[in-house]
Amino acid sequence: MTYTERYNVIFRDSDEIMQLESSPLRAADITPDLKKQFAFLSGGRGDNGSPIIVFPEFPAFGEITDREFHNVLTYLTSVPSLSSTGVGFILVIDRRQDRWAAVKGTLLRIAGSFPGNLQLVLVLRPTTLLQRTLSDILFKFNKDEFKMKVPVIMLSSITELHSYIDRTQLTQELGGMQEYCHEKWISHRTAIEGFALMVKKTAQTLQSFGTELAETELPNEIQATTILLSTHTNKKDKMKEDLLVALGQGSRLLESINEPVVRDPDHNMNQDELENLATVQRLLSQLDETERAFDEFWVRHQTKLEQCLQLRHFEHNYREVRALLDQVSEKLATFSEVGISPAHADHIFSELTTYEERVCEMLGRALTLSREGDELIQNSHYAEDSIQPKCSELRAVCENVSCSLRAKKDHLLKAMELHHCLERASKWVDDGIYLLASQPVDKCQSHEGAELALQELERYLDNAGQNQLTDPSTIWREYEAVINQQFKEQVERIFQKQASMQEMFDKRRVSLKKLAAKQTRPVQPVAPRPEAFIKSPLSSPAHRAQQEKNCSEMDPGNNCEKGNGQLQNGDSNSRHASLSEEEENLAVLRRHVMNELLETERAYVEELLCVLQGYASEMDNPAISHLIPAPLQNKKEVLFGNMPEIYHFHKRTFLRELEQYTNCPELVGRCFLERMTDLQIYEKYCHNKPRSESLWRQCSDCAFFQECQKKLEHKLGLDSYLLKPVQRITKYQLLLKEMLKYSKGCEGANDLQEALTSILGILKAVNDSMHLIAITGYEGNLSELGKLLMQGSFSVWTEHKKGHAKVKDLARFKPMQRHLFLHEKALLFCKRREENGEGYEKAPSYSFKQSLNMSAVGITENAKGDNKKFEIWCNSREEVYIVQAPTTEVKTTWVNEIRKVLTTQLEACREASQQRGPDQVFQFPPVSSGTVSLSPFKTGQKSFKKGEERKAEPCSPDVNSSSSPKPTGKGSPTSPDHKTKRQSDPTPFGFKDAGPPPLHLSRARWFSTSSLLQTKLRGWNKASLSLDASEEHDGYSSAEDPLNSDPEDDSSKKLCAGKYTVMSDYEKGSAQELSVKSGDMVQLVKEGDDGQWFVRNLSTTKEGWIAAANLITLIGKSKSCQSLTSSEGSGSGNLSTSSSCSETYTSFSDIKP
């Protein structure tokens, strides 16, 4: 029986019970009428099974309304089964205690409105004599009035009744044996009908729900399917609850019907009770069967919904995985590069290896989903035809991605192999070139030396092994899969270098073989010291700088390389190397420098990209944003500065332009000059570096940086890569120096020199600005002081004049250490303070001490005691600052720069005076017979404008040390034997000669405009200021004198020329250095530019260079054996102490423009 058929059975049974088709009445509807009990079904049956309706004694029968009578009889006739009612009813009317009128009324009502079939009417007539007689007589006369089609039998007693109906079918009131309770009967009928109605409604609900489930379309989305399954499950649970309620009610009703039997097993139920029992049992049975059918249907429906949900999940995951696999395929397709260098290829391979983890994760997810699809098919999923193709497609795509990944890895590994092969070959070629260049020329002149050099070359060639490239066709064939145009050019370039090196080796071997086979007689060579013959272009820039210095000292007028390449031994046939070979060597070295420039540039660009992608971009990645600490939030610009701008400039512009000079490296200076403005972007980066460094220290240990470093597989932290731009801009000047060294005399040498100067200018500007921002304690605005021109550390003495007495500031004999900042409008004196910390926090800071307005200062170019000193003074020398520079070169640079500032002020003042007109010009005292010229040049005929053209060149060494002019303007020069290294500045006024020869001053002063005006107002027509050195500096000693410590600063120990005793042994580290032993007497001759002293060992008569730091350790507290005055003393002590120079001035109106 199907699910629907079972429902129809329930509907039919319940309709039969309730007779809903023919009678809408229920016991619950007419319960008050039934309770009157004027008629009831006793449950008895006639002999042919006819149901018996009893009309008991009911005195108020006449008061029963027709509606009540009709409802009760209609209901009573509907209760028995249809088979019983079809036979007809037997009516038993009990009127034994009533009158004939009541009998007649009852019969008339029954005859008029009995709703069912009648088989027999039995009337118990009144028992009183009168009424019984009347009944007999009147019944015969009125028989036709009843109009009944069945016989009506008038009975006189119960005994007669028993002859028609068996006693067992009659109630006890009628002499029968049935126990009848009318209240219980009504209760059972109400319960049975209620239960039947509940069963019918439940069946209808189940049928409606089943129809809804059967007609529901399966949704196409996961959420909709989930909601539908949940909704149907909730409805099913509600149906199950209703079924349980109905079953419970039916069970209780069945127990109530069976109660008499349970109480008395011998109890015999009447027919109505048996029918009620059967009805309830049948309904319960049908309800159980319906529940089972519904459960089976629900299981099938639930399974279908669950399979639909599984399908929707499978389809959703399939779309996700398919999209991810497509992304993986596209990403793998981007790994088509083979790299531009070994480092680049390694980086790409590292990225691919890192990405391989994600690829494997995606492949695992796809294969897992494919297995899930197979399980669905094995579980008889209804959508097998849709699942199977998707599973097959996933497995096919996974296989394709795996093959693509393996192919990419193999491709990159092959490219890396070629990269490293080319790198080894290039390094082998470069090492070979350096081997050729580093073989000492002097040692190869002998037979043994030539043999050793030849053997060295042979060993180098024999040990080539895999470093040497074979036939190009072999490489093309072996690496055909990875060869691109870039690789092809690189291979050809290295082959060309290898061929050039091989050619050079062949030439050198031929030369060495000739020297080895040649028997020469011993000749005493006449040549400079052996160091001059050594041509050793070493890899270290510092070492090469030392070599250049040695060459310049031994032969300052000639080019070092050229001199080395043209060594002569007195015999033209013994020339070691020809000029053409030297030129080839230089060309190879230039190519080597260019290759280094390009390779490091490419690596630099890749490192910047790596930082920007691996760190900067990750700061915007939501997946790891939770790892970023609070101090780092929204601080990307602080941490990285303008690194993106630097990267884009190098990637898109500078690297490409540099590559254009690959074949003409000597012209690369032009590229730097064209992009010098762009390179100034490094200033912005360096200015931000302290902030970046501080932020890095705060967050260096955070999980974000560790995660990024782990992904990039970097061994060094981010701080090392943030330092790359600073290192790169510094590296350029080293490479340009090397290129310039090997390009002297070439076409682009001037451009290289200019580019080097510009790069150094950028570095200086960055360095100056970094020092400037470290000044603390200055209350004004530094930007108002104009451009920063110079900055540096100096030793400073101060002197104040009060009245006619000179007061030395706090009686200081030892100088203060001050860091000076020269601006266009002011000169700042600061004290350098070293900070404790790391990185940029370890950089010094500067405490502001004093500032001088440049419009109120003057300078004296030379001071007594040291040619590294000069004076800065103001207020007509009431305040004098004696400044000692580290070297004479630094002093000269500062004096020239200050002179430019004062000259610029003077020109501005002159222009202003010309615009004011003659009436507003200040007038100085009139000049006597002649105007004194303060020009430092010999001729004295040059105007100040000429001096400007020559940029105030220092005077020649033969300038007279002092002069003593007369008031008339005539002067007598001092003895020419006394000469000094002091320089005299030309006066800023540019006077012309007026007759007598020019005076040559040992010390010339430069005045600021305001100081000139102040002196004019004080009366310069009085006695002129003395320029005598000994008079103005009595009591002062040079910086080399053993002085007391400065109350504010303890300056470091300084070395000075003189003789000392060595306290410990020292072995030289290079050919240019000098070895000394404990107890040797040495003389410090002069100090070099690179922190080294030229030392002569008086015990061994050998000479060489020793670093100043080592000398301090070697000589310890040894006292000089001679005066501590420098051997290159200024000679100021030889100046005449009696001579003076009277300075006269003219008005501004006399100045010639």
**Message:** With the structure loaded, tell me whether GLN680 is surrounded by fewer than 14 Cβ atoms within 10 Å (Cβ to Cβ) and farther than 19 Å from GLU606 by Cα or whether it fails that test.
**Reply:** no
**Asked** From the list GLU747, GLU738, which residue is modelled with pLDDT of 85 or more, open to solvent by less than 70 Å² (accessible area, probe 1.4 Å) and in contact with a helix residue (DSSP H, G or I) (Cβ under 9 Å, 6 or more places away or on another chain)?
**Response** GLU738
**Request:** Would you check if there is a residue in the stretch 187-197 being open to solvent by 20 Å² or more (accessible area, probe 1.4 Å), closer than 19 Å to GLN302 by Cα, touching a residue at least 60 places away in the same chain (Cβ under 8 Å) and not basic (Lys, Arg)?
**Result:** no
**Asked** For TYR382, all conditions in the list (1) closer than 17 Å to GLU330 by Cβ; (2) open to solvent by 80 Å² or more (accessible area, probe 1.4 Å); (3) not acidic (Asp, Glu) hold save one; what is the number of the exception?
**Response** (1)
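Let's see how each residue does on (1) open to solvent by less than 30 Å² (accessible area, probe 1.4 Å); (2) touching a helix residue (DSSP H, G or I) at 6+ places or on another chain (Cβ under 8 Å); (3) modelled with pLDDT under 85; (4) acidic (Asp, Glu):
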site	(1), (2), (3), (4)
PHE69	yes, yes, no, no
THR77	yes, yes, no, no
VAL87	no, no, yes, no
ARG95	yes, yes, yes, no
**Message:** With the requirement that a residue be among the hydrophobic types (A, V, I, L, M, F, W, C) and either open to solvent by 40 Å² or more (accessible area, probe 1.4 Å) or under 60 Å from the mean Cα position of the chain (by Cα) (or both), what does the stretch 240-280 give you?
**Reply:** LEU244, VAL245, VAL261, VAL262, LEU274, ALA278
**Request:** Among the residues of the stretch 758-792, count how many are polar (S, T, N, Q), at pLDDT 85 or above and in contact with a helix residue (DSSP H, G or I) (Cβ under 8 Å, 6 or more places away or on another chain).
**Result:** 2
**Asked** Residue check: is LEU712 under 24 Å from LEU695 (Cβ atoms), open to solvent by 10 Å² or more (accessible area, probe 1.4 Å) and in contact with a Gly (Cβ under 9 Å, 6 or more places away or on another chain)?
**Response** yes
**Request:** Return a yes/no flag: does the stretch 301-316 have any residue that is over 30 Å from LEU247 (Cα atoms), in a helix (DSSP H, G or I) and under 34 Å from the mean Cα position of the chain (by Cα).
**Result:** yes
**Prompt:** Is it true that some residue in the stretch 497-507 is under 44 Å from the mean Cα position of the chain (by Cα), modelled with pLDDT of 80 or more, surrounded by 11 or more Cβ atoms within 10 Å (Cβ to Cβ) and outside any helix (DSSP H, G or I)?
**Reply:** no
**Asked** Can we say LEU283 is closer than 24 Å to LEU197 by Cα, touching a residue at least 24 places away in the same chain (Cβ under 8 Å), in contact with a helix residue (DSSP H, G or I) (Cβ under 7 Å, 6 or more places away or on another chain) and surrounded by 20 or more Cβ atoms within 10 Å (Cβ to Cβ)?
**Response** yes
**Flag for ILE433 being surrounded by 19 or more Cβ atoms within 10 Å (Cβ to Cβ) and over 18 Å from GLY339 (Cα atoms)** = yes
**Prompt:** Assuming LEU309 fulfils every condition listed in (1) more than 30 Å from GLU212 (Cβ to Cβ); (2) touching a helix residue (DSSP H, G or I) at 6+ places or on another chain (Cβ under 9 Å) apart from one, which condition is it?
**Reply:** (1)
**Complete:** Residue hits (the stretch 164-214; acidic (Asp, Glu) and assigned to a helix (DSSP H, G or I)) are GLU173, GLU183, GLU193, GLU212
**Asked** Would the stretch 765-777 turn up any residue that is more than 22 Å from HIS819 (Cβ to Cβ) and buried (at least 16 other Cβ atoms within 10 Å of the Cβ)?
**Response** no
**Prompt:** Can you pull out the residues in the stretch 216-239 that are surrounded by fewer than 16 Cβ atoms within 10 Å (Cβ to Cβ) and of a type in the set (Lys, Arg)?
**Reply:** LYS235, LYS238
**Prompt:** So which helices (runs of 4 or more DSSP H) stay within the stretch 693-782 end to end and still have 1 or more residues that are within 18 Å of the chain's Cα centre (by Cα), closer than 28 Å to PHE654 by Cα and not polar (S, T, N, Q)?
**Reply:** 703-712, 718-722, 724-741
**Prompt:** What residue, among those in the stretch 325-353 that are of a type in the set (A, V, I, L, M) and open to solvent by 20 Å² or more (accessible area, probe 1.4 Å), is nearest to HIS714 (Cα to Cα)?
**Reply:** ALA343
**Request:** Please work out if LEU405 is open to solvent by less than 20 Å² (accessible area, probe 1.4 Å) and either under 19 Å from LEU712 (Cβ atoms) or part of a helix (DSSP H, G or I) (or both).
**Result:** yes
**Message:** Criterion first (at pLDDT 75 or above, of a type in the set (Ser, Thr, Tyr) and open to solvent by less than 20 Å² (accessible area, probe 1.4 Å)) does SER795 satisfy it?
**Reply:** yes
**Item:** Lone unmet requirement of (1) under 22 Å from LYS201 (Cβ atoms); (2) loosely packed, with under 15 Cβ neighbours inside 10 Å for LEU213
**Value:** (2)
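The values are calculated or read from the model by the stated rules, or taken from the named source; none is laboratory data. Since we're looking at a predicted model, the values are computed, not measured. For neighbour counting, all protein chains shown are included, and Cβ atoms are generated from backbone atoms with ideal geometry for every residue, glycine included. These accessible areas exclude ligands, DNA and RNA; they are computed on the full protein's heavy atoms, side chains included. Shrake-Rupley method; radii C 1.70, N 1.55, O 1.52, S 1.80 Å.
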